[in-house]
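Trainee: Here's a structure for you.
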Amino acid sequence: GDWYANPSSLTNLLTAIRTRTSLRVATEEKVVTLNDDDLWNVPYLYMTGHGNVRWSDRDLATLRRYLQQGGFLHADDNYGMDASIRRELGRLFPTQPLVEVPLDHPIYHLVYEFPKGIPKIHMHDGKPAQGFGIFLDGRLAVYYSYQSDLGDGWEDPQVHDDPLERRDAALRMGVNLFAYAVGYG
């Protein structure tokens, strides 16, 4: 796929996590692949893109094991990867459906309140923002943010000229996602 991402988004998210919670986080993102030994030292994987995502059988096995052992994957559709990420998540856990995460789930209430679910940051097709997930033994292991563009909202203000309220909503949702992934609260 096209793995380019918003260059300032993760740094800004880490700053938000560091300043808005008591969690200790790095000052900059760490790029890991499913083949890196460091994979097993990170609790939260973030992926984004615009196009075709395709995991090898080896990648699927590694990611499946990572998630079954307590890891968390946040797949953020940066507009265009919906069909391929749904296909790959189906290959990842064929017996675990991708379902809409209920509005009473802690991911929407852990640090910040999102009673209506994931915030809409950018408009593309006029569709509502949705949060989908895969649950393993009752735990949300994969969160797929669809039609939201959280990563764009995490970018530096001048990149997309988003209003402060929208950028803050994106960062607050990102804080909730990370806090959930590491068992905060």
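The values are calculated or read from the model by the stated rules, or taken from the named source; none is laboratory data. Not measured: the values here are computed from a predicted model. So basically every Cβ, Gly included, is an ideal-geometry build from the backbone, and we count neighbours across all protein chains shown. To get the accessible areas, we keep the full protein, side chains included, count just its heavy atoms, and leave off ligands, DNA and RNA. Shrake-Rupley method; radii C 1.70, N 1.55, O 1.52, S 1.80 Å.
Trainee: Could you figure out which of (1) without any contact (Cβ under 8 Å) to a residue 12 or more places away in the chain; (2) farther than 15 Å from Phe178 by Cβ; (3) open to solvent by 40 Å² or more (accessible area, probe 1.4 Å); (4) not in a loop (DSSP other than H, G, I, E, B) isn't true of Asp104?
Mentor: That leaves (4) as the condition not met.
Trainee: Separate question: Within the group Phe114, Phe135, which residue is part of a loop (DSSP other than H, G, I, E, B), aromatic (Phe, Trp, Tyr) and either over 15 Å from Ile17 (Cα atoms) or open to solvent by 70 Å² or more (accessible area, probe 1.4 Å) (or both)?
Mentor: Numbers: Phe135 fails: part of a loop (DSSP other than H, G, I, E, B).
Answer to the selection: Phe114.
Trainee: Taking only the range 30-49 into account, find how many residues are exposed (fewer than 15 other Cβ atoms within 10 Å of the Cβ) and either touching a Leu at 6+ places or on another chain (Cβ under 7 Å) or not β-branched (Val, Ile, Thr) (or both). Show your work before the answer.
Mentor: First, pick out the residues of the range 30-49 that are exposed (fewer than 15 other Cβ atoms within 10 Å of the Cβ): 30-33, 35-38, 40-41, 43.
With the extra rule that they be either touching a Leu at 6+ places or on another chain (Cβ under 7 Å) or not β-branched (Val, Ile, Thr) (or both), the set shrinks to 30, 32, 35-38, 40-41, 43.
Within the range 30-49, residues that are exposed (fewer than 15 other Cβ atoms within 10 Å of the Cβ) and either touching a Leu at 6+ places or on another chain (Cβ under 7 Å) or not β-branched (Val, Ile, Thr) (or both) number 9.
Trainee: I'd like the full set of residues that are among the β-branched types (Val, Ile, Thr) and touching a helix residue (DSSP H, G or I) at 6+ places or on another chain (Cβ under 8 Å), limited to the range 89-103. Walk me through how you get there before you give the answer.
Mentor: Taking the range 89-103 first, the residues among the β-branched types (Val, Ile, Thr) are 95, 99, 101.
Selection gives Val101 alone.
Trainee: Moving on to the next point. For Asp162, state whether it is of a type in the set (D, E, K, R), under 29 Å from Glu28 (Cβ atoms) and assigned to a loop (DSSP other than H, G, I, E, B). I'd like the intermediate steps shown before the answer.
Mentor: Numbers: of a type in the set (D, E, K, R): yes; under 29 Å from Glu28 (Cβ atoms): yes; assigned to a loop (DSSP other than H, G, I, E, B): yes.
So Asp162 fits the description; yes.
Trainee: I need a count of the residues in the range 53-89 that are surrounded by 18 or more Cβ atoms within 10 Å (Cβ to Cβ), assigned to a helix (DSSP H, G or I) and under 14 Å from the mean Cα position of the chain (by Cα).
Mentor: The total comes to 3.
Trainee: Right, another one. Could you tell me which residue of the range 139-183 is farthest from Arg64 (Cα to Cα), considering only residues that are open to solvent by less than 30 Å² (accessible area, probe 1.4 Å) and among the charged types (D, E, K, R)?
Mentor: Only one residue tops the list, namely Asp162.
Trainee: Being under 15 Å from the mean Cα position of the chain (by Cα) and within 24 Å of Asn41 (Cα to Cα) is the requirement here; does Asp149 meet it? Before you say what the answer is, go through the steps one by one.
Mentor: Numbers: under 15 Å from the mean Cα position of the chain (by Cα): yes; within 24 Å of Asn41 (Cα to Cα): no.
Answer is no for this residue.
Trainee: On to the next question. Just to check your reading of the model, which residue among Val42, Val32, Val111 is β-branched (Val, Ile, Thr), in contact with a helix residue (DSSP H, G or I) (Cβ under 7 Å, 6 or more places away or on another chain) and modelled with pLDDT under 95?
Mentor: Numbers: Val42 fails: in contact with a helix residue (DSSP H, G or I) (Cβ under 7 Å, 6 or more places away or on another chain); Val111 fails: modelled with pLDDT under 95.
Just a single option satisfies the conditions, and that option is Val32.
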